[in-house]
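The values are calculated or read from the model by the stated rules, or taken from the named source; none is laboratory data. All figures in this text were calculated on a predicted structure; none of them were measured in a lab. So basically every Cβ, Gly included, is an ideal-geometry build from the backbone, and we count neighbours across all protein chains shown. Each accessible area value is taken on the protein alone, full model and side chains, heavy atoms only, with ligands, DNA and RNA left out. Shrake-Rupley method; radii C 1.70, N 1.55, O 1.52, S 1.80 Å.
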Amino acid sequence: MSSAVSEGFGRKKKRLGDMLVEAGVISNEQLLMALEYQKQQPKKIRLGVALVEKNFTTEEAIIDVLKDQLNIESVSLAGVKIPQEITRLVTDATLLKKYVMIPYAWDDKNSSGIKVAMEDPMDIMAIDDLSIVTGMDIVPVLAANSEIMRTIDKYYGGQETKAMAERFTQERGEKEEDVKAQEEARADVENSPI
């Protein structure tokens with residue numbers, strides 16, 4: 001985004017860095033340093049992550065500013081138990097990790113809606129993609145990156161481990177078949193009449 005203000009959701013949307021400077025959470029110098037740090041990373045990271053990694057602020061301080069500025073609900077996922085019916089809506093954690101989000105509760109105002117903890121609740125592509133996958137209306141709720149990733153690992157980490165174990169078992173089985181085939185070929189050579 002090239003300008004400090006852009007039109008989105010029918011209202012002006014400020015950049016995160018500008019909101020944090022205005023709120024006094026970080027200085028303009030810290031913002032510039034975090035932006036430079038962000039550019040230097042081999043893997044793309046969000047500004048909020050860069051600010052936390054540089055110890056300029058905390059995830060909680062960023063969330064406080066964002067929820068006030070965006071007038072959006074926030075959630076702490078610590079201790080939240082996600083119903084199995086909700087975890088079954090998304091069978092692969094790849095999408096959840098890509099957008100740093102996780103469905104965690106039914107929306108009590110809309111029977112076809114689910115509340116989704118998101119690092120960026122303004123990410124329309126993430127909301128649309130998850131809505132397509134789940135067939136549900138998405139209610140974005142702001143949450144800390146670290147809590148979302150921990151929760152994804154807690155509820156979906158077993159799936160990745162199981163997939164890795166299945167690949168290992170398959171590879172091991174293929175190796176055993178190769179060894180058997182080699183032994184049979186050797187036995188055929190040793191038992192040949194010549």
**Message:** As an exercise: evaluate residue 79 against (1) surrounded by 12 or more Cβ atoms within 10 Å (Cβ to Cβ); (2) over 16 Å from the mean Cα position of the chain (by Cα) and give the number of the one condition it does not meet.
**Reply:** (1)
**Message:** Any residue at all in the stretch 160-179 that's at pLDDT below 90, more than 25 Å from residue 84 (Cβ to Cβ), open to solvent by 30 Å² or more (accessible area, probe 1.4 Å) and among the hydroxyl-bearing types (Ser, Thr, Tyr)?
**Reply:** yes
**Asked** In this structure, does residue 33 turn out to be hydrophobic (A, V, I, L, M, F, W, C), at pLDDT 90 or above and open to solvent by 80 Å² or more (accessible area, probe 1.4 Å)?
**Response** yes
**Residue that is farthest from residue 20 (Cα to Cα), among those in the stretch 36-60 that are open to solvent by 50 Å² or more (accessible area, probe 1.4 Å) and in contact (Cβ under 8 Å) with a residue 60 or more places away in the chain** = 46
**Message:** If a residue must be within 24 Å of residue 22 (Cβ to Cβ) and in contact with a helix residue (DSSP H, G or I) (Cβ under 9 Å, 6 or more places away or on another chain), how many such residues does the stretch 71-99 contain?
**Reply:** 3
**Request:** Give the residue that is farthest from the chain's Cα centre (by Cα), with candidates limited to residues of the stretch 12-25 that are within 19 Å of residue 145 (Cα to Cα) and not charged (D, E, K, R).
**Result:** 25
**Complete:** When the stretch 95-123 is checked residue by residue, the ones that are open to solvent by 50 Å² or more (accessible area, probe 1.4 Å) and closer than 18 Å to residue 144 by Cα are 97, 98
